[in-house]
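Here's the structure, in structure tokens; my notes come after.
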Amino acid sequence: MPDPKSQAVIEGVRKVFADTYAIYFKTQNYQWNVTGPLPLHALFETQYQELAEPLDKLAERLRILGVTAPGTTEEIRSLASIKSGSADQPAEQMLADLIAGHTALLRSIKIVIRAAEQAGDGGTVGLLSERVASHEKAAWMLRSTLSQ
């Protein structure tokens, strides 16, 4: 059984994994269904494609930490704080929803980074630090598009 600090890291990475999956699915859903004059179809496609590899890395990190990655929609749904979005909303609302999702995920990741630092888990710190930069960029791109 992992020590309490390591257990906090494991639970945190599991939640980050689930929220990453949730925003992946939401972005893909919006990419399939967005309408309107904004060039969002291509932006959403780029963003959900950029989430695929990090999902694999997060799952691998969980295996390194000695646990299985959440592998069912039920597990992901129970762990995720990011909820699915409706495909029949205006493009501007899709943008705002994705910005909120990336912002929430950033907050969660930063909490897990602190826990990993306290546990002396440099591998998790490094992986999640990469995720911070990626989600910051995604949110910035969405905000830039929303302001056009």
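The values are calculated or read from the model by the stated rules, or taken from the named source; none is laboratory data. Remember, it's a predicted structure, so these values are computed and weren't measured experimentally. Positions of Cβ are generated from backbone atoms using ideal geometry, with glycine treated the same way; all protein chains shown enter the neighbour counts.
For this structure, a couple of remarks:
- Top-ranked residue of region 4-45 - restricted to ones that are without any contact (Cβ under 8 Å) to a residue 24 or more places away in the chain and acidic (Asp, Glu), ranked as farthest from Glu92 (Cα to Cα): Glu11
- Scope region 1-15; condition more than 20 Å from the chain's Cα centre (by Cα) and either modelled with pLDDT under 90 or within 14 Å of Ala80 (Cα to Cα) (or both); matching residues: Met1, Pro2, Asp3, Pro4, Lys5
- Only one of Val34, Val125 that is in contact with a helix residue (DSSP H, G or I) (Cβ under 9 Å, 6 or more places away or on another chain) and surrounded by fewer than 19 Cβ atoms within 10 Å (Cβ to Cβ): Val125
- Within region 46-76, being among the charged types (D, E, K, R), touching a residue at least 12 places away in the same chain (Cβ under 8 Å) and out of contact with any Gly (no Cβ under 8 Å at 6 or more places or on another chain) holds for Glu50, Lys57, Glu75.
- Residue count, region 71-94 (criterion: in a loop (DSSP other than H, G, I, E, B) and hydrophobic (A, V, I, L, M, F, W, C)): 3
- Filter result for Gly85 (closer than 30 Å to Val34 by Cα, surrounded by 13 or more Cβ atoms within 10 Å (Cβ to Cβ), of a type outside the set (Lys, Arg) and modelled with pLDDT under 95): yes
- Top-ranked residue of region 45-70 - restricted to ones that are over 14 Å from the mean Cα position of the chain (by Cα), in a helix (DSSP H, G or I) and of a type outside the set (Asp, Glu), ranked as nearest to Arg14 (Cα to Cα): Leu62
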